[in-house]
Amino acid sequence: MDVLIFLIPVALLLGLIGLAGFLWSLKSGQYEDLEGAKYRILQDDDLPDDPAR
Amino acid sequence: MTAYERDWEAFVTLSPEGEAHMDLAVEGVTCAACMVEIERGLSAQPGIRKARLNLTSHRLAVDWTPGESTPDQVVETLSRLGYRAHPFDPAQVRERADSAGRELLRCLAVAGFAAMNIMLLSVSVWSGNATGIETETRDFFHWLSALIALPAAVYAGRPFLRSAFAAVWAKRLNMDVPIVIGVTLALFLSVTQTIQSAHHAYFESAVMLLFFLLIGRYLDHTMRRRTRAFAENIAALKAETAVTILPDGRLREVPLSKVEPGEHILVRAGERVSLDGTVLSGRSDIDQSLVTGETALASVGVGDPVYAGTMNASANLTVAVTTASGATLLDEVTRLLEAAAQAKSRHVQLADRAAALYSPLVHLAAALTFVGWWLSGAGWQPSLVVAISVLIITCPCALGLAIPAVQVVTSGLMFRAGVLLHSGDAVERLAEVDTIVFDKTGTLTLAVPEVVETAVLDDSARALAGRLALSSRHPLAAALARATQAEVPLPDAREMPGEGVCAEVEGRELRLGSATFCGLPEAQVQAALAARPGASLLVFCDGAETPVPLLVEQRVREDAAETAAALRQAGYRLAILSGDRTAPVAAVAQQLGIEDWQAELRPADKIARLEQWAATGARVLMVGDGLNDAPALAAAHVSMSPVTAVHVAQAAADAVFLGDRLAPVFEALRLSRRARAAMAQNLWFSTLYNVVAVPFAVAGFVTPLIAALAMSGSSVVVTLNALRLRLAAGSSSERV
């Protein structure tokens, strides 16, 4: 059972990374336009500026 | 080109780096291709740094370098691409960033993370309890759960805490009070259990409860925000601006929020008066149909008051803007509106009614459980454990989702049917309606007048009349121009303000305008109007030939008769309350087969009539568009207005319907009845769930595993039941 000492922190860390990722993506406005995002994938020529910002 | 400069500064915000930014509402965006076209078209323009269209909200954000491009060029490029756009007045868009929604999402994410990880630990404990887990390991897992659950609950529980405190402060009970009590007690109990290294802890129940409830809360918020954003787009596209006259005589177009009382504004012929005021110079006819329901034009001169929402028909007016308190009609409307809004706040939402019933019952059950176990000699601590488990299992998880889930699905369906809901509980009130009261002008009829028949003119005369009409901005002339599909105005046409237009063609003088202007005898005027009492008269005269009267009237909505019949068949009582004259109202009422109608009503009369109905127990849906309807809209049990309505009326109404058809009214009622049924089912299911679960909890059989299963199970059931509405609507919407 000693392996739990490693496994549980690792599991929690992975979860926290996911949470941090979500909070970051929320903050950078990636959920503002869910309708448009699905079509933008198909666009070949991206706009000159970074469109995610 | 316009003869005045536009004050775009009010719409543009400058970033610290010196870039200009503007948000625009764009009309006509239907698909991804439009998005690509707009963004590419704008980006190709010099000076534009960034153009990004939001396909969800149909809003365009443009950044440019000042000096290299102008807002005018942006709007022009868009109109060249075929999209009408208008910038947002920043004063009207209060909350663009949606900070409330983001906070809910952040809470949701934290609660979700915590629930998953605690569940991971809890499942290990549950299976360990069956197979002989070591006490140290279990305690370790419980402490770890506490470490995750406590901060997460404090963070994710804030929306509930705030609302529960506000409710208790105001000496009310809402659904959040039992939620907060339940979660707090569950955490408290779990911590004490952990200290005593007991077999069970309820951390996962507490956090999962927050997670599910936050889903409901977020859905609710999204629905409100979506319809509000759409309503803001409509408002922006109406382009409610005013042309102010600067002291040096220059003209400047500014958003309404920038006009101060006392400023002078120019209202040109054919434009809407944008603000209340007094006429300083000029003489004109005013179409007051949106304000009073009256379809005949009223003439105004120097010193007369004019009201926002009315149409200036014939000549330019200079108007001094007054505050609302100076205008008698508006005063009355405002006063009635306030009174009506106060009366309405008494309506208690279904969810709050359920909460008011539910909280005392649940807390009583928990208290009785504690007393019962204690009296039977169980000791105070085990008794408290059982009592708290009753609270946990009855915590209104399903109740919290039962109504928002249905509201979200229904508002989505209504959106598709062309109805925008302003408030979620409008669905409940719509479902209770048994009487429908229509305003006539602009509601049963279309807001734009149309020529009744042009067959009285031969083809060449009709073409000439239409081309002549193009030279006037008078609404009657505009109706004729539309009806004849004229495109080229006659050369040298002159407009006589308040009388009509005339032009010379091949030596003959053509005249189009009032009866006196064209020399039509009074007897013929009466004869022409006898057949169509609600119509207005426009006369065309070709040289020495006899003048021809043309009737223009507001056409009844295409499907009004059909919708009225359908509503009657569905068991609704129909009535018309109008501010217009008796004859035109009678004509429309007869056409639609509505027997109960009244004309020439003032705003207060309409409210009095509504109160009479309310006193007999009737639940009235008021459908109206005018300023004179606004108090009645606010006073009625529930109200709708067409998208062409004046701002005040739309603000007072619970829902707005789009388009030229009346069918959305019927559709809204049908959908709301179905939604109401689903809400009732959900509430009954939640009750049933409690009836089954509470005895187990009281008897002390509820383990955290059972609590978790019961809670998520019941939440899924009510959500699925709400989604069922969409299936049912999907099969029937092809029929409609």
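See the values below:
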read-out	value
Residue among B:GLY593, B:GLY579 that is in contact with an Asp or Glu (Cβ under 7 Å, 6 or more places away or on another chain) and either at pLDDT below 90 or closer than 25 Å to B:LEU297 by Cβ (or both)	B:GLY579
Filtered residues of segment A:1-43 (kept if facing chain B (nearest Cβ under 10 Å) and of a type in the set (Asp, Glu))	A:GLU32, A:ASP33, A:GLU35
Scope segment B:14-50; condition touching a residue at least 24 places away in the same chain (Cβ under 8 Å), in a helix (DSSP H, G or I) and buried (at least 19 other Cβ atoms within 10 Å of the Cβ); matching residues	B:ILE38, B:LEU42
Checklist (1) under 25 Å from the mean Cα position of the chain (by Cα); (2) open to solvent by less than 10 Å² (accessible area, probe 1.4 Å) applied to B:ARG217, failing item	(2)
Tally of residues being of a type outside the set (D, E, K, R), open to solvent by 20 Å² or more (accessible area, probe 1.4 Å) and either at negative phi or not in a loop (DSSP other than H, G, I, E, B) (or both) across segment B:538-555	7
From B:ALA618, B:ALA608, residue being part of a loop (DSSP other than H, G, I, E, B) and either outside the structural domain of B:VAL665 (by TED's automatic domain parsing) or over 20 Å from B:ALA296 (Cβ atoms) (or both)	B:ALA618
Some residue of segment B:482-494 being closer than 23 Å to B:VAL300 by Cα and at pLDDT below 80	yes
Identity of the residue in segment B:460-474, of a type outside the set (D, E, K, R) and open to solvent by 20 Å² or more (accessible area, probe 1.4 Å), that ends up nearest to B:LEU297 (Cα to Cα)	B:HIS474
Qualifying residue in segment B:479-501 (condition: hydroxyl-bearing (Ser, Thr, Tyr) and under 20 Å from B:PRO584 (Cα atoms))	no
Members of segment B:130-152 that are open to solvent by less than 50 Å² (accessible area, probe 1.4 Å), more than 9 Å from chain A (Cβ to nearest Cβ) and farther than 19 Å from A:ILE17 by Cα	B:ILE133, B:ARG138, B:ASP139, B:HIS142, B:ALA146
Number of the condition not met by B:ALA170 [criteria: (1) over 30 Å from B:THR30 (Cβ atoms); (2) touching a residue at least 60 places away in the same chain (Cβ under 8 Å)]	(2)
Residue check for B:THR227: open to solvent by 30 Å² or more (accessible area, probe 1.4 Å), touching a residue at least 12 places away in the same chain (Cβ under 8 Å) and of a type in the set (Val, Ile, Thr)	no
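Quick grid of which residues meet (1) under 30 Å from B:HIS142 (Cβ atoms); (2) surrounded by fewer than 19 Cβ atoms within 10 Å (Cβ to Cβ):
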site: B:ASP654; (1), (2): no, no
site: B:ALA680; (1), (2): no, yes
site: B:LEU683; (1), (2): no, no
site: B:TYR689; (1), (2): yes, no
site: B:VAL692; (1), (2): yes, yes
site: B:PRO695; (1), (2): yes, yes
site: B:THR703; (1), (2): yes, yes
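Here's the yes/no breakdown for (1) within 24 Å of B:VAL362 (Cα to Cα); (2) aliphatic (A, V, I, L, M); (3) under 31 Å from the mean Cα position of the chain (by Cα):
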position	(1), (2), (3)
B:ALA114	no, yes, no
B:ASN117	no, no, no
B:SER122	no, no, no
B:THR131	no, no, no
B:GLU136	no, no, no
B:LEU150	no, yes, no
B:ARG158	yes, no, yes
B:ASN174	yes, no, yes
B:GLY182	yes, no, no
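The values are calculated or read from the model by the stated rules, or taken from the named source; none is laboratory data. Being a predicted model, the structure only gives us computed values, none of them experimental. Cβ: placed from backbone, ideal geometry, glycine included. Neighbour counts: every protein chain shown. Ligands, DNA and RNA are stripped out before the accessible areas are found, and what is left, the full protein with its side chains, is counted by its heavy atoms. Shrake-Rupley method; radii C 1.70, N 1.55, O 1.52, S 1.80 Å.
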